[in-house]
Amino acid sequence: MDQSRISQLMLEMQLVNINLKYKAATVQDRLKINALNSEIYTLESQRNLHISNAIRYALDLAEYEIHNAKNIVISMSYMAISSINSFIRAQNIKFELSFPLKMKVSQISNMLIMPDLIFLNLKSEIDKLSYLPVAY
């Protein structure tokens, strides 16, 4: 929901900028640009917070599954992290993990250095978190 709204606002911003190429910018135009920038920033911040929370919960689930591997048939954390990775890449989101999340990813990746067969895909998806497209 947020991502489609962000895309819509970015398109609107491009249209305003195209319009400004052919006429002088008025105060109203500048206010419109500032409002669009503000709304885009707010939506991106909310989206990134949701992504961070989803990653944190998926990593907690992965840690639980690793410690209770004898009861695991299918890794739910693999499915969760794979979905998150797919969403970030499909939407071309520039996203950087916070330092605590980077540490958690590294910690869980190290737990999976010699993974059980069940966790091979999980290790791959966790390692992909380390190579997300980074915002500059």
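The values are calculated or read from the model by the stated rules, or taken from the named source; none is laboratory data. A quick note: this is a predicted structure, and the numbers were derived from the prediction, not measured. Note that each Cβ is placed from the backbone with ideal geometry, even for glycine, and that neighbours are counted across all protein chains shown. With ligands, DNA and RNA removed, areas are computed over all heavy atoms of the protein, side chains included. Shrake-Rupley method; radii C 1.70, N 1.55, O 1.52, S 1.80 Å.
In sequence order, the range 56-65 has phi-based couplings of 4, 5, 5, 5, 4, 5, 4, 4, 4, 5 Hz under the Karplus curve 6.51 cos²θ - 1.76 cosθ + 1.60, θ = phi - 60°, and Gly or Pro positions carry x. Here the 3J(HN,Hα) profile of the range 33-40, calculated from phi with Karplus coefficients 6.51, -1.76 and 1.60 at θ = phi - 60°, is 4, 5, 5, 5, 4, 5, 5, 4 Hz, Gly and Pro shown as x.
Centre-to-centre, using Cα atoms only, the range 81-136 and the range 32-52 are separated by 24 Å. Rounded to the nearest 0.05, the FRET efficiency derived from the C-beta distance between residue 64 and residue 130 at R0 = 22 Å is 0.60.
If packing is taken as the mean number of other Cβ atoms within 10 Å per residue, what is the order of 20-28, 61-69, 122-130, 32-40, highest first?
122-130, 61-69, 32-40, 20-28
Annotation: aspartates and glutamates with alpha-carbon distance below 20 angstrom to residue 23 (same-chain offsets under eight excluded): 12. Our helix-only sum for the chain, with -39,500 (n - 2.57) per DSSP H run of n ≥ 4 divided by its residues, gives a mean residue ellipticity at 222 nm of -25000 deg cm²/dmol. Partner aspartates and glutamates whose Cα lies under 14 Å from the Cα of residue 128, excluding those fewer than 8 positions away in the same chain, are identified as 96. Compactness of the range 74-113 is given as radius of gyration and Dmax, 11.6, 30 Å, from Cα positions.
Taken along the Cα-to-beta-carbon direction at a fixed 7 Å, the label points for residue 102 and residue 54 span 2.2 nm. Using a probe of 1.4 angstrom and keeping all protein chains present, the accessible surface of the chain works out to 65 square angstrom per residue. The candidate values were (i) -0.51; (ii) -0.77; (iii) -0.64; the one computed from these coordinates for log10 I(q)/I(0) by the Debye sum over Cα atoms at q = 0.13 Å⁻¹ carries the label (iii).
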